[in-house]
Structure formats: structure tokens, C-alpha cells
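The values are calculated or read from the model by the stated rules, or taken from the named source; none is laboratory data. Small disclaimer: the values here were computed from a predicted structure and weren't measured. When we count neighbours, we look across all protein chains shown, and the Cβ atoms used for this are built from the backbone with ideal geometry, even at glycine. Please note that ligands, DNA and RNA were not included when accessible areas were found on the heavy atoms of the full protein model with its side chains. Shrake-Rupley method; radii C 1.70, N 1.55, O 1.52, S 1.80 Å.
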There are 2 protein chains.
Amino acid sequence: MSTELLISLDGMGGDNAPRSVVRGAALVRKETPNVKFIIYGDKAALKPLVSRQPALRGGVEIRHTDQMVTNDDRPSKALRAGRRSSMRLAIDAVRDGEAQAVVSAGNTGALMGMAMASLRTLPGILRPAITTTMPTLRRPVCMLDLGANVECSAIHLVQFALLGEAFARCVLELEDPGVALLNIGVEETKGRQEVRDAARILRGLDIPFDFKGFIEGDEIAKGLIDVIVTDGYTGNIVLKTIEGSALFLRALLTDALSSSLWAKFGYLFAAAAIRAMRRRVDPRPHNGAVLLGLNGIVVKSHGGADEVGFSYAIRAALRLIQNDFISKIRDTIKTVDISCQGEALE
Amino acid sequence: MSTELLISLDGMGGDNAPRSVVRGAALVRKETPNVKFIIYGDKAALKPLVSRQPALRGGVEIRHTDQMVTNDDRPSKALRAGRRSSMRLAIDAVRDGEAQAVVSAGNTGALMGMAMASLRTLPGILRPAITTTMPTLRRPVCMLDLGANVECSAIHLVQFALLGEAFARCVLELEDPGVALLNIGVEETKGRQEVRDAARILRGLDIPFDFKGFIEGDEIAKGLIDVIVTDGYTGNIVLKTIEGSALFLRALLTDALSSSLWAKFGYLFAAAAIRAMRRRVDPRPHNGAVLLGLNGIVVKSHGGADEVGFSYAIRAALRLIQNDFISKIRDTIKTVDISCQGEALE
């Protein structure tokens, strides 16, 4: 634990930046003093925020730039015009070996585009995917892709399965994670052609790989599968649907517990238990979506994250560094024909 | 209300058939005595069940067949071999004008295939879609397609939007329902090509139609959109994800309220309020998915529905009959170029 860890931060990305970025970094350094940060952004805004955090003393270098990517910027524009933006410079620090990981709460599309341009994908990997973990009844699961790839071929899905499995071993620390493709039935004949093709290829892999076939939407929250693979269109909609359902049921519960005097009285006694339940589904500890498949660790924080949320995104990056994720994933894809060139697709 | 209503029932479809079918019919006749049923299936099994229900006296005709579609039957096999099955005969009763609607809790794929073969689609409609209503914070919404069409073109999605809008006017009794396409962002440039094409066509329709553009997954439960349109792959996964999330949060709440003596004591007081909340998200009143786009009313009950659930599926069929749904939907599609032949797709 005495090795120095170095993370670059996009100081200007996200709705609550730069405050949430600086305070989030301080929260992490309180428990992990051997981490240091390079923060890119407007020095005039960052400097007073940093100096107010004793935990950051001697642990932060601010690198000034007056350019930033906004949420309205189209990824293509950000990619062309944003070479001096706080986001791009923070990514380039990883490419140049100055930092071991980058964390940004900015525009997802721009982050993905810039990370691909700067870091490139791992050998054989066609497209990176976004993944995150979610709470379930059993243990956290990871799902991918969550929106980087609107349309996916069978090969893309197979590669996501391999990337996700390596992620689950490394970050969720599971020895033999179960992997399944999201589908509308569990029978082999169900669903889209690319999903069925991907299943056939995964069944035929000659590496240790616990492929469980198909999983339906109602099984996600049971937590019996560790890695759920789908295209970015479906994954993004499913993730947001889960968020919306949680907010809906939370609102109903709040309504119910203030609907009568009896209910309010009951809530006085059950309050601690209900707070504990809310902690179990608190999305903040799961903040930090990882861009998988790149030559470097890139973590995307939710754009609306507060300092606590942002600190969890930094922690996700730390876990990936400490587990030597990039080397492990390189080893995984070396042992398998990740281009699936031996496969004849129907 | 004195007009006679006649509904044909697949007496053998579903996990709890024939009991749930017969008892569900009795529940409906208790409140709507002018409804009569033709029940298809094994007379030896059905007759004693019917005779035990005083509410069904004089209101049921049993028509014997010893064939039935099982859940394992592939739709193609059911279609070929199941011409004398309880499901097919119940559908044919609608085609022959003997019944005004059919309700089945059997195999969805077989029901869809048989209904298309027997009833045919409405003029100009390429594919039927499955829809159902769901509770939200505001008022029920309907979503389609929920699994009949794994891949959809822009024209399919446009037709689903028109069918869904007519359904919302007729069944949810909304004057001017808002319609949106499910997508991964609200900007015009986001999402799959067919979704963007469908949006462009819907924006250009020259009929009164409240098209709201795109909706993301986290907005579904807010209830601000009345009709949510998507392909059957995504719709099926989203619907099941919502079901799974609800069960997950319900399990967490049950855990929380029995986690300590204080919590149990609190629950004593809040029990009525929490029961009321559970009623708000009880799926049973929303049982009864409708196959839209056919020349006749076909309602699919959840396969696992109990008698209460099945009775709601019958009630959904009743509302469609009483609102003269098929005529209304014919009128809607007459006024618009539903084949979208004037459209050049990108």
C-alpha cells in the first residue's frame, strides 16, 4: 500500500464541477493517503477549492487550461476542437504514463471519442463498452454496454462478454463470474439473430468461461448472473428504467409513510430500518462507469454526481489500478480468438 | 348496459387453467351480469368447475375439445397442428362472429400466430403489436410492442404509435394521449436509425396526434407520456426489468420491516399504508395484454395469473368491446397513410 497511485481528474466535467471533483478527491485521500491527483481545469476556480481541503495538501497538482467540453457539445466537435480541454488533457496524461487512470463526470460521448483517439482500443478489440455495477438481492452485478454502441454485431457482444468477465474477476473480485446475454427468452431460438450468434460463439470458447446462456429482464435484480451483456441501446434503456423504477417506488413509500397519523407514527419506529434499506439501493456507491477495452483506465462519473458520488468513481478507478486490470485483460484476450474469425455467422 | 356481451375463453391456457379461467369468469359476471362466455376445453374438467360457480349459471357454454397448446409448443407447430386446440377454437369464435373478444392465458407466440392466421391484420397494418398498461406516479401508461416483433422497421414503429394512441384514447379514456418513442436520449440525433426515421415520420403526420419525441427509460415511471413505443425486443426486456425491480424493492422492504423489533413495531402502525402502497403497484389489475392491429379483440392474460388476475384480463376485453375499439381503430387508420409510402427513408 506504500506504492504511489496517480490519477488524473477532469476538473471541469459534470454539473457540480469543479467543487464535487475537488471535494470527492479529498474524501478519497482521507482514507487512501498514497493516492495523488493531477487536476486539469481553470486554475483560478480550482486553487481556492483545493486549498480549503487539508486532505489534499501535497497530493494535488493543478494544471491550468481554460478550455472545457460542455454537455451540449457533440462528440465529433469535442474531438476536433477539444484538444486542449480539461477532459482531453486528463486522458492524455494516462496515454503519456503520467497518471494510471482518468476520471471525468463530463459528456459521455465526448469522453468515449477522446479516449479512443488518445488511448486506442486493446489489440483485437473492435469497440470499447461502458459498464457499471448495480445492487441486486444477492451481490452486485455488472452490465455492459450501457450506451457506447447503439448497434452491436455478434462479435461485439462476444468481446463485451470477455471484457465484462475480466472486469467482474478484477473489480467484483469473483473467481468464476457467470456471464449471460440479455434476451427475451431463455430458449436458444429466442431473440435477435446477433444475440443468438453471440451465444453460439460463447458456448464454443475453449477457455474457462462460465457462460450461462440468456437472461431475461426480470432476473437481473436477483443477482444470480454476475455479468449481463447487451447492446448499448438496450443496456442504456434498461439501466435508466431501473433507476426510474427505484425512484418511483421510493416516492410511493414516502407517500405511504406520510399518508396517515398511524403511518407517520409507525415510521418513527421503522425509520432506522428504512434508512438502512435506502442505503442498500443508494446509487452513489455504484457511481463510476468504466470504459472497457481501451489501453488505459477511464472512469466516467454520473454527470449529476455530488462529491460523495464522485469519490466512488475515483475509488472504482483505484480498484482497477490496484488489481492491475489492464494487464489482466490483455492476458485474457491473448488466450482467445477475440476476432472470432473462425466463426461463420448465419 | 343491457346489450349482451359475448366473450370466448381458452379454457386450457395458462399455469392455473382451467380453474383460474372459470373462477375469473365468475368474478366478472358477479359485477357484469350481461356478459356471457363460451369456454373451450376439456368438458370433463370444465363442467364441475362451472357448476360450482352460481354466478356462471345460464351464462356459460362449454364447447369440448381434447386438444390444447402447451407452453413448450413452438408457435409454428401450434399453428400447423393446433387447429382443434382450445386456443384456436376460441379465436375462431371471434372470426365467425360468435364472440366479440377472446381471452387466453396460453403461449404468447402461438396466440399471436393463430390470431394472425384466423383474424388477419387490419387493412394496411403490417404486424400486430402487444401492449399492456403499467402503473406510474401519475396515471397508467401503455407500452408497445412487448415482444411480438423482435426487429422493427421505422414503419412498424409508426404503425405501433398509431395503434397505441387509439388504444390509449379507447381504453385509458384519454382525450389527447401523448406518444413518444423509447430512446437513449432526447436529441434528434440520438439512437438507432429506425427510431430516428420513425420520429421524423410521426412529426410529419397531418392528423391530430400529440407526438412528444423521444423518452428515456428513467422517464417511464413518471407517467408524463401516455403511449411508449418501442420494438418488441426492447419492450419485452424493459417490461420484465420493471417487474424484477418491483419484486427486488418489495423484498428489500419486507426485509427492512422485519429487521429489528423497532421496525416490526413500526410496521404494526404503518401496515395499512404499506398495504395501500402495494395495491398501487399490484400487477394484477394491469393483467391483460392486448394484441393490437388485428380484425378482432384478442387479450393475452399472464400465464401465471390467478383467478383475480385472469378476471382483469377479461375486464380489459370488456372495455375494448364496450368502447367499440375495432371500429375506432379502423377509423383512425383510414385517415392516415399508414403504409408511409410517401416517405423516403434515409
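Observations on the structure shown:
- For the range A:210-229, filtered to residues that are aliphatic (A, V, I, L, M) and buried (at least 19 other Cβ atoms within 10 Å of the Cβ), the residue that is farthest from the other protein chains (Cβ to nearest Cβ) is A:227.
- Residue among A:110, A:180, A:117 that is assigned to a helix (DSSP H, G or I) and over 24 Å from residue A:15 (Cβ atoms): A:117
- Output for the range B:29-52, where each listed residue is over 16 Å from residue B:8 (Cα atoms) and open to solvent by less than 40 Å² (accessible area, probe 1.4 Å): B:45, B:49
- Number of the condition not met by residue A:302 [criteria: (1) within 14 Å of chain B (Cβ to nearest Cβ); (2) open to solvent by less than 70 Å² (accessible area, probe 1.4 Å); (3) not in a helix (DSSP H, G or I); (4) not acidic (Asp, Glu)]: (2)
- Selection from the range B:2-28 of residues that are of a type in the set (A, V, I, L, M, F, W, C) and surrounded by fewer than 24 Cβ atoms within 10 Å (Cβ to Cβ): B:5, B:6, B:26, B:27
- Extreme residue, surrounded by the most Cβ atoms within 10 Å (Cβ to Cβ), among residues of the range B:135-159 that are touching an Asp or Glu at 6+ places or on another chain (Cβ under 8 Å) and polar (S, T, N, Q): B:149
- Single match in B:164, B:185 (criterion: buried (at least 21 other Cβ atoms within 10 Å of the Cβ) and either in contact (Cβ under 8 Å) with a residue 40 or more places away in the chain or within 26 Å of residue A:71 (Cβ to Cβ) (or both)): B:164
- When residue A:331 is tested against (1) open to solvent by 60 Å² or more (accessible area, probe 1.4 Å); (2) under 29 Å from residue A:35 (Cα atoms); (3) touching a Leu at 6+ places or on another chain (Cβ under 8 Å), exactly one condition is not met: (3).
- Selection status of residue B:261, among the aliphatic types (A, V, I, L, M), more than 8 Å from chain A (Cβ to nearest Cβ) and exposed (fewer than 15 other Cβ atoms within 10 Å of the Cβ): yes
- Close pairs from the range B:290-306: first polar (S, T, N, Q), partner part of a strand (DSSP E or B) and surrounded by fewer than 23 Cβ atoms within 10 Å (Cβ to Cβ), Cβ under 8 Å, at least 6 apart: B:295/B:121
- The single residue among A:41, A:14, A:58, A:109 that is free of Cβ contacts under 8 Å to residues at least 60 places away in the same chain and either more than 23 Å from the chain's Cα centre (by Cα) or closer than 15 Å to residue A:313 by Cα (or both) turns out to be A:58.
- Residue check for residue A:187: within 14 Å of chain B (Cβ to nearest Cβ) and not in a helix (DSSP H, G or I): yes
- Scope the range B:3-57; condition in a loop (DSSP other than H, G, I, E, B) and under 22 Å from residue B:304 (Cβ atoms); matching residues: B:11, B:12, B:13, B:14, B:15, B:16, B:17, B:18, B:42, B:53
- Here B:276, B:272, B:251, B:256 are screened, and the one residue that is in contact with a Phe, Trp or Tyr (Cβ under 8 Å, 6 or more places away or on another chain) and at the interface with another protein chain (Cβ under 7 Å from one of its Cβ atoms) is B:272.
- If you check A:101, A:90, A:78 for being modelled with pLDDT under 90 and buried (at least 21 other Cβ atoms within 10 Å of the Cβ), only one passes: A:78.
- Meets criteria (in contact (Cβ under 8 Å) with a residue 12 or more places away in the chain, open to solvent by 10 Å² or more (accessible area, probe 1.4 Å) and not aliphatic (A, V, I, L, M)) for residue B:240: no
- Filtered residues of the range B:115-158 (kept if within 19 Å of residue B:334 (Cα to Cα) and either of a type in the set (Lys, Arg) or within 16 Å of the chain's Cα centre (by Cα) (or both)): B:120, B:127, B:128, B:129
- Condition met for residue B:284 (charged (D, E, K, R), surrounded by fewer than 18 Cβ atoms within 10 Å (Cβ to Cβ), within 20 Å of the chain's Cα centre (by Cα) and within 30 Å of residue A:136 (Cβ to Cβ)): yes
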